[in-house]
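The values are calculated or read from the model by the stated rules, or taken from the named source; none is laboratory data. It should be emphasised that the depicted structure is a prediction, and the values quoted were computed from it without experimental measurement. With ideal geometry, Cβ positions are generated from the backbone for all residues, glycine too; neighbour counts draw on all protein chains shown.
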Amino acid sequence: MQNPEGHRQTLHEMSAALLDEGLIDQLEQFDLNDRANAAYWHAVEELQNSPGHYRGASTYDVVQIDNGKLLGTISRSIFNFANDQPLGASFAYDGKIYSDSDGIRLTLGLSRKVGTISGLVMEMNGRRYQLVETERMIAGVTHHPLSDADTYRALIDTAQVAQEERDLRAFEKVRPYIESAAFCICSACLDRFGARDDCPTCEGKGFVKKPALAVLR
Ligand SMILES: [Zn+2]
């Protein structure tokens, strides 16, 4: 599930509509909302334990992994080369991302070449490229990945408390910013109190720069 906040909101709107139509009573609405909330917590826990996913609402730099060269950018499913390669007469852009049951792939308009995307890595012509998120739409507003370490610390502290207290409102406000940030939780100490202080990987911070960014920048 790419957007658990949006999904939860949709389910709550549906139950409100069903109540309005008199198709369910208030108790049933409460039960439906409760299930939607439980599904939300389940989805975010899965997201926390999985590597990054391609998101249609995000903008990415497509960077060749072995040499760090910028191939192009993907913005809202549209791909354009970084350099000014001539466009075909009938193409307004260089390529497009398609997503279906077979997976996610980039199809280039002119050459008909196809790249396959899994996680945030694309393979095309035997080369591997990292997708580095540069912008994300959150609640209708474009944000750049959070890169301030103190703000990130404050956000993950807020999220941890909210998750423990099952405070949905607070948690779903901060989660998209944490997920799209330039940092991620340190995989060596997992930001656990005690283990964190002596952790050489994150130097006691509990989080590190995302691997893709550390390698490429
Ligand atoms: Zn650590």
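How do the strands (runs of 3 or more DSSP E) wholly within the range 50-140 filter down when requiring 2 or more residues that are touching a residue at least 60 places away in the same chain (Cβ under 8 Å): which remain? Don't jump to the end; show me each part of the working.
On the way: elements: 58-64, 70-75, 78-81, 95-100, 103-108, 114-118, 121-124, 127-138.
Where strands (runs of 3 or more DSSP E) fall fully within the range 50-140 and carry at least 2 residues being touching a residue at least 60 places away in the same chain (Cβ under 8 Å), they are 58-64, 70-75, 127-138.
Being at pLDDT below 95, under 30 Å from K69 (Cβ atoms) and away from the ligand (no atom under 16 Å from the Cβ), is that true of even one residue in the range 206-213?
Yes, the range 206-213 contains a residue that is at pLDDT below 95, under 30 Å from K69 (Cβ atoms) and away from the ligand (no atom under 16 Å from the Cβ).
Starting from the range 174-199, keep only residues that are within 18 Å of R55 (Cα to Cα) and touching a residue at least 12 places away in the same chain (Cβ under 8 Å), then list their pairs with residues that are surrounded by fewer than 13 Cβ atoms within 10 Å (Cβ to Cβ) and among the hydroxyl-bearing types (S, T, Y) whose Cβ atoms are within a distance under 7 Å, requiring at least 6 positions of separation or different chains.
A182/S147
In the set Q64, Q48, Q85, Q26, which member is among the polar types (S, T, N, Q) and at pLDDT 95 or above? Break it down stepwise before answering.
Values: Q64 fails: at pLDDT 95 or above; Q48 fails: at pLDDT 95 or above; Q85 fails: at pLDDT 95 or above.
Selected residue: Q26, the only one of Q64, Q48, Q85, Q26 that is among the polar types (S, T, N, Q) and at pLDDT 95 or above.
Name every residue in the range 166-182 that is outside any helix (DSSP H, G or I) and either surrounded by 19 or more Cβ atoms within 10 Å (Cβ to Cβ) or of a type outside the set (K, R) (or both), in order of residue number.
Hits for the range 166-182 are D167, A181, A182.
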